[in-house]
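Before any comments, here is the structure.
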Amino acid sequence: DQRITGFSECSRRRLRRKLYSIRRDAEGVFLTLTYQHTRPTPREAKEHFDAFWKRLRRWMDDADAGRISCVWKMEPQERGVPHFHLIVYGTRFIPAQKVSRLWHEVTEETDHRHRKSGVDVERSVNEDGKLTAYMGKYMAECYDEWPTAHGCLYTGRWWGVRGRSHLPRAAWDEAKIYLDQHEARALIRQLLDEWGLDLPDGVIPPSLCICTRGSPEDWIEKNLPV
């Protein structure tokens, strides 16, 4: 974590794989956390996020209803200040006023307007790839370093998971998928590009095994570039 300076293509792929591992029917709440006047560094912002998550977890964890978890992503705003996007699982509703108060308390913002506008809350229904589409908007661009005039030598991780053991992960599903030659070539090219690998021209692997959570048919339909 001490040596991370940017958000690489490899990090983007790992985040995407994590999102695809979530159950397709898992519902949650999509949060955006922003700053108004303060200008924390990425590492300072993540300290604020840590404090926010601890308070949110203490408030929401319930012995009967279950415990919350999330996948979070840090992004730079145009002025170079971090903000966070996260999907909170284990609940279908979080009062915006309560979340705004918790975030305002840990950010050291003094303007009362930040308490009203520093948080956006939206219910996320995880169906037909909507979850991945949500986070996909905020992870498309990669960065070698934090995009500010002075930069940040070490940013630490740009994304992560909280409450990992409580994430609604899908079970592994094994199924045979039969593709014609055109589909097989297209899929292999897609995977090789994603993995950063090359094969000599004209070489086609005799077989291919894909490990996925949820329905392999759904994965093929979403990722096959034909």
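Where a number appears in this text, it was derived from the coordinates with a stated rule and is not lab data. The structure displayed is predicted, hence computed values, not measured ones. Neighbour counts run over all protein chains shown; Cβ positions are idealised from the backbone, glycine included.
Sites listed here are chymotrypsin sites (Phe, Trp or Tyr not before Pro) in the stretch 65-111 whose DSSP assignment is loop and whose Cβ has at most 11 other Cβ atoms within 10 Å: Phe93. Using a ≥ b ≥ c from the Cα gyration tensor of the stretch 1-81 (square roots of the eigenvalues), is it rounded, prolate or oblate, where a/c under 1.5 gives rounded and otherwise the larger of a/b and b/c decides, a/b for prolate? Verdict is oblate for the stretch 1-81.
When the listed pairs Lys73/Lys137; Lys18/Lys73; Lys116/Lys137 are checked against a 20 Å cut-off, the alpha-carbon distance exceeds it for Lys116/Lys137. Here the Karplus relation 6.51 cos²θ - 1.76 cosθ + 1.60, evaluated at θ = phi - 60°, turns the backbone of the stretch 44-58 into coupling constants of 5, 4, 5, 5, 4, 5, 4, 5, 4, 5, 4, 5, 5, 5, 4 Hz, with x for every Gly and Pro. In this simple spin-label approximation, Tyr154 and Arg13 carry label points 7 Å from Cα along the Cα→Cβ vector, and these lie 2.6 nm apart.
Each of Cys142 and Arg164 was given a label point 7 Å from its Cα along the Cα-to-Cβ line. The distance between the two points is 2.3 nm.
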